[in-house]
Amino acid sequence: MSDDRIRILAARSPRHGPRRPLNEWRPVVTLIAHHHEYGPAQPEELSTVARLARLGFGLSRDLFDRYASLFGMDSIRVLRVPRSTGTALAACAAFWTMNQWFGGRPVPVQAIAMVAVDPALRGAGHGSALMQSLLIEGRQAGAALAVLCPATRPFYHRLGFGRGGVTCRWSAPPSAFAQSGAAASDLRPADPLDAVPLAMLRHPLLKEQNGLPERTEALWTLALCPEGEPSELYRNQDGYIAVTPPQDRRLDVADLCLPSARSLKPAMTMLAGFRAQVDRVTWRGGPDDPLALLAGDGVALECREEWLVRPLDIDKALEARGYPADIREYAIFEINDGLIFGNCGRHHLEVVSSAGNISKTAQVLDPPARIGTAAFASLFTGHASARALWRTGLLHGEEKMIDRLHRVFCGAPSWMPDRF
């Protein structure tokens, strides 16, 4: 980008104009099985895509137009099928590329959203055909993983997706945040339409956690303007917190990054100050969320959702992520991928100084472990340990190799607050 700001779009104003495409790689229209036609959506098809999004997710046209403006028309893919009068748009999806951090390093991922099939054409395999083409496009564009927030898990499991991590929604009464020795005046109002300083504050957290995305402009906009209007943002030198106006006796935290006591305690004091206006404060975080750990009586886990991951290029993913700095280890495993032939076969991973390398020439006599794509996704992200997968029968092999995989992929629990 040419300027030093991450531009946050406050949603509805037409002055912002159309969004610049986030993915520069433009595929040619592809013909796949049964004469399906897959490719980018055309401008004249936007109303039909909006209709499928409304039927699939209850997405209003105003909200659909907002998302289309944020992510760009080039992010939308459609599947067309032949009809007696021409072709019909049978299914749609949206995707963009971004980095997601695992083991302290960024991994290029294909983020997928808005997968919908026309209700009159369901049951004919159009959704699977769309997703297979979408995943192959993502691999060709350089993504090592695909990530999505599912409306239904069995459909994606058949496509090789596995559990990648969680999103937790926590709540507590304002009184649970009462702290002594910290003043909310330690926080100062900040501009919610400029995410550059917030990204800098958030960057160390990306390295410490597993699963956090390196947000695009569109994701920053959704985080800081969740309902289309800018949230109220407060920050200090260590962290920030953004809240939306109280509604129905609830205060929603739109986004937060509170990595230290110098940011946590002032934020908690500020939240406690809403005790006369709200009964509950809600926020999104991980399973070991610091606000939840410090809050007093009444903190509750309201919802725990899982997001899914699918390996697109296993070798690339293994060499992109980071590993524990204090180990020197190798592990060997085999995968049979029914969709992406390049993932099939034996993978020999060597880890030295927190970096992974795929060895093409090493001669090792140890028998490899065997794992499916869905279980590998959970192992790779840290959502499930090698020993847990082994005990449940999702990972097979000798205990010595299982222990190696356990050491290589141990780390922080995998989570992200963003939903798409």
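Any read-out appearing in this document is the output of simple, stated calculations on the displayed coordinates, not a laboratory observation. All values derive from a computational prediction rather than experimental measurement. For neighbour counting, all protein chains shown are included, and Cβ atoms are generated from backbone atoms with ideal geometry for every residue, glycine included.
Rounded to whole numbers, the Karplus 3J(HN,Hα) couplings from phi for the stretch 132-140 are 4, 5, 5, 5, 5, 4, x, 5, 5 Hz, using 6.51 cos²θ - 1.76 cosθ + 1.60 with θ = phi - 60°, and x at Gly and Pro.
Backbone geometry of the stretch 114-124 corresponds, through the Karplus equation with coefficients 6.51, -1.76 and 1.60 at θ = phi - 60°, to 3J(HN,Hα) couplings of 6, 7, 9, 10, 4, x, 6, 10, 6, x, 10 Hz, x marking Gly and Pro. By other beta-carbon atoms within 10 Å, ranking Thr87, Thr392, Thr216 with the fewest at the front produces Thr392, Thr87, Thr216. Only Lys, Arg, Asp and Glu carry charge here, each on its Cβ (+1 for the first two, -1 for the last two); on that basis the chain has a dipole of about 480 debye about its Cα centre. Sorting Glu214, Glu44 from the fewest to the most surrounding beta carbons within 10 angstrom yields Glu44, Glu214. Taking the number of Cβ atoms within 10 Å of each Cβ as an exposure proxy, the fewest-first ranking of Cys149, Cys225, Cys303 is Cys303, Cys149, Cys225.
In the stretch 271-309, which trypsin sites (Lys or Arg not before Pro) are in a loop and have at most 12 other Cβ atoms within 10 Å, using DSSP for the loop call? Of the trypsin sites (Lys or Arg not before Pro), not one in the loops of the stretch 271-309 has a Cβ with at most 12 other Cβ atoms within 10 Å. Only one residue of Gly104, Met114, Cys410 has its Cα farthest out toward the positive end of the dipole of the chain, where Lys and Arg carry +1 and Asp and Glu -1 on Cβ, and that residue is Met114.
Once you have a ≥ b ≥ c as the square roots of the Cα gyration tensor eigenvalues for the stretch 313-408, tell me rounded if a/c is under 1.5, and otherwise prolate or oblate according to whether a/b is larger than b/c. It comes out rounded by the Cα gyration axes. Let me have the 222 nm mean residue ellipticity of the chain computed from DSSP H runs of 4+ only, each contributing -39500 (n - 2.57), with the sum over all residues rounded to the nearest 500. Computed mean residue ellipticity for the chain: -8000 deg cm²/dmol. Secondary structure note: in the chain, about 85% of the DSSP beta bridges are antiparallel.
Charge dipole of the stretch 277-369 (Cα centre as origin; +1 on each Lys and Arg Cβ, -1 on each Asp and Glu Cβ, all else neutral): 280 debye, rounded to the nearest 20.
What's the tally of Lys pairs in the chain whose alpha-carbon atoms lie under 26 angstrom apart, where the two lysines are 8 or more places apart or on different chains? Count of close lysine pairs: 5. For the peptides 195-203, 139-147, the ranking by packing is 139-147, 195-203, with the highest mean count of neighbouring Cβ atoms within 10 Å listed first. Here are labelled values, [x] 25; [y] 34; [z] 22, and one is the computed percent of Cα pairs over 35 Å apart for what I pasted. Which one? Label [y] holds the value from this structure.
What you get for the stretch 313-408, charging only the Cβ of Lys and Arg (+1) and of Asp and Glu (-1), is a dipole of about 120 debye around the Cα centre. The amide H of Arg321, built 1.01 Å from its N in the peptide plane, has no neighbour under 5 Å, considering only residues 5 or more places off or on other chains.
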